[in-house]
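A.B. asks: Supplied in structure tokens, the structure appears directly below.
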Amino acid sequence: MRHTLAVLVENNPGVLARVAGLFSRRGFNIESLAVGRTENPAVSRMTIMVEADDRVLEQVIKQLRKLIEVLKVQDVTKEEHVDRELALMKVNAEPAKRAEIIQIVEIFRAHIVDIGRKTMIVEVTGDEGKVNALENALRPFGLKELVRTGKVAMLRGTRDMTTNGKEVEE
């Protein structure tokens with residue numbers, strides 16, 4: 001099963017390497033990893049996508065929690081949450097095909113962020129399914145380059161992650 005982990009860590013050099021190393025030592029491939037600072041500049045949040053069964057994932061979470069700089073780990077997969085990723089796609093766009101590409105981009109509520117003589121760069125934000133669908137729709141034109149950020153996720157409603165290890169209810 002694919003899991004989405006939200007991990008709060010101290011914003012220190014080397015933390016990312018230690019967390020990634022833990023997955024590597026266990027033989028897990030991180031499918032997606034997004035890292036950035038939070039509302040607290042001393043804390044970063046990692047959103048990690050990993051394929052693992054529940055038993056193995058439980059062991060990984062326990063190992064993560066043993067790392068000194070890890071403040072909180074939560075598997076948000078089965079929780080109500082919102083997730084998004086950003087992708088940039090450079091597509092072949094000869095002038096005769098541009099209207100068709102623009103129409104597809106509009107259907108997906110994506111944006112054209114650059115136009116060259118023979119290419120366009122399209123920006124899309126959405127869940128994994130939306131990004132995949134736009135990629136598949138643009139592929140017949142000739143997808144020259146694709147860059148994806150990886151998933152970020154946040155719990156719905158008033159529940160959130162805090163650095164003191166407790167959920168905050170408002």
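A.B. asks: From the helices alone, meaning DSSP H stretches of at least four residues, give me the mean residue ellipticity at 222 nm for the chain, per-run term -39500 (n - 2.57), in deg cm²/dmol to the nearest 500.
C.D. replies: -9000 deg cm²/dmol, from helical runs alone.
A.B. asks: Can I ask one more? Tell me, what is the percent relative contact order of segment 50-170, built from C-alpha pairs under 8 Å that lie six or more residues apart?
C.D. replies: Once normalised by length, the contact order is 32 percent.
A.B. asks: A further question on this structure: With angles folded into 0 to 90 degrees, how steeply does helix 128-142 sit against the dominant principal axis of the chain? Use alpha carbons for both and round to 10.
C.D. replies: In the chain, helix 128-142 runs at an angle near 30 degrees to the longest axis.
A.B. asks: Expressed as a whole percent, how much of the Cα-Cα distance distribution for the chain exceeds 20 Å?
C.D. replies: Roughly 58 percent, rounded to a whole number.
A.B. asks: Using R₀ = 25 Å, calculate the FRET efficiency as 1/(1 + (r/R₀)^6) where r is the Cβ-Cβ separation of residue 158 and residue 1; round to 0.05.
C.D. replies: 0.35
A.B. asks: Sticking with this one: For the residue pair residue 147 and residue 17, what label-to-label distance in nm results when each label sits 7 Å from Cα along the Cα-to-beta-carbon direction?
C.D. replies: 2.4
A.B. asks: Between segment 71-96 and segment 1-58, how far is it from one alpha carbon centroid to the other, in angstrom?
C.D. replies: 16
A.B. asks: Next up: So if each residue of separation counts as 0.36 nm, and I subtract the Cα-Cα distance between residue 88 and residue 118, what length gain in nm does that give?
C.D. replies: Result: 9.2 nm gained on full extension.
A.B. asks: On a 0 to 90 degree scale, rounded to 10, what angle separates helix 98-107 from the longest Cα axis of the chain?
C.D. replies: Helix 98-107 sits at roughly 40 degrees to that axis.
Computed from the coordinates by the stated procedures, all read-outs in this text should not be read as laboratory data. Model, not experiment: these values are computed from the prediction. All Cβ positions, even for glycine, are placed from backbone atoms using ideal geometry, and neighbour counts span all protein chains on display.
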